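Here the structure comes first, spelled out in structure tokens, and everything after it is commentary.
The values are calculated or read from the model by the stated rules, or taken from the named source; none is laboratory data. Just so we're clear, the structure is a prediction, and the values are computed from it rather than from any experiment. Neighbour counts are summed over all protein chains in view; Cβ atoms, including those assigned to glycine, are modelled from backbone coordinates with ideal geometry. All accessible areas refer to the heavy atoms of the entire protein, side chains included, with ligands and DNA or RNA removed. Shrake-Rupley method; radii C 1.70, N 1.55, O 1.52, S 1.80 Å.
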Amino acid sequence: IQLLCLTEITKRMLKSHTAQKDLCCNEPQQIAAYFIPIMGFLETEQVRMAVLNGRNAMVNDVLLSNGSFVSAMASPREVFYYALKHRAVSIILLHNHPSGDPSPSKEDLALTRRIARTGELIGIPLLDHIIIGAGRYTSLRESGYFS
């Protein structure tokens, strides 16, 4: 129990370093630094969405899905339901790989394309899809998977 408490305290301290209110999401390393302590060492996959305002500041962090050891599901319908509910101007999709390797899979790339296309249609652009690994990340925008 003491180890679990220490782990939780450490996560909260790391998270408080970058306060959500002040988190500007112009650079992938800024958003990754906020989410790595939250998602970087989970044993199952999780899909989250950062809801951004007109200044690219995060106004909400939405947990979309808790998955298994190898996958988590998120559909464009769920993503944009919550984006509209939280009045998003734009969004960033995030998920973790419990293996620790943040390299994108074919499924990750397909989901990114679907979400980006849907966002274009309804006017809430997907700014990035960031995959979190053990203490590191991959930004699909930075990597050139979509523009």
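Observations
- Scanning segment 94-110 for residues that are outside any loop (DSSP other than H, G, I, E, B), farther than 15 Å from Ala50 by Cβ and under 13 Å from the mean Cα position of the chain (by Cα) yields a count of 1.
- Residue match in segment 57-77 (condition: among the aromatic types (Phe, Trp, Tyr), open to solvent by 20 Å² or more (accessible area, probe 1.4 Å) and closer than 22 Å to Gln29 by Cβ): no
- Among residues of segment 1-54, those that are basic (Lys, Arg), within 27 Å of Gly123 (Cα to Cα) and at pLDDT below 90, counted: 1
- Scope segment 119-135; condition in a helix (DSSP H, G or I) and either open to solvent by 40 Å² or more (accessible area, probe 1.4 Å) or modelled with pLDDT under 90 (or both); matching residues: Glu120, Leu121, Ile122
- Checking segment 89-111 against the condition returns a match, with at least one residue being at pLDDT 95 or above, surrounded by 13 or more Cβ atoms within 10 Å (Cβ to Cβ) and of a type in the set (Gly, Ala, Ser).
- Criterion violated by Thr138 - all others in (1) modelled with pLDDT under 95; (2) assigned to a strand (DSSP E or B) satisfied: (1)
- Search result, residues across segment 112-147 that are over 25 Å from Pro98 (Cβ atoms) and among the acidic types (Asp, Glu): Glu120
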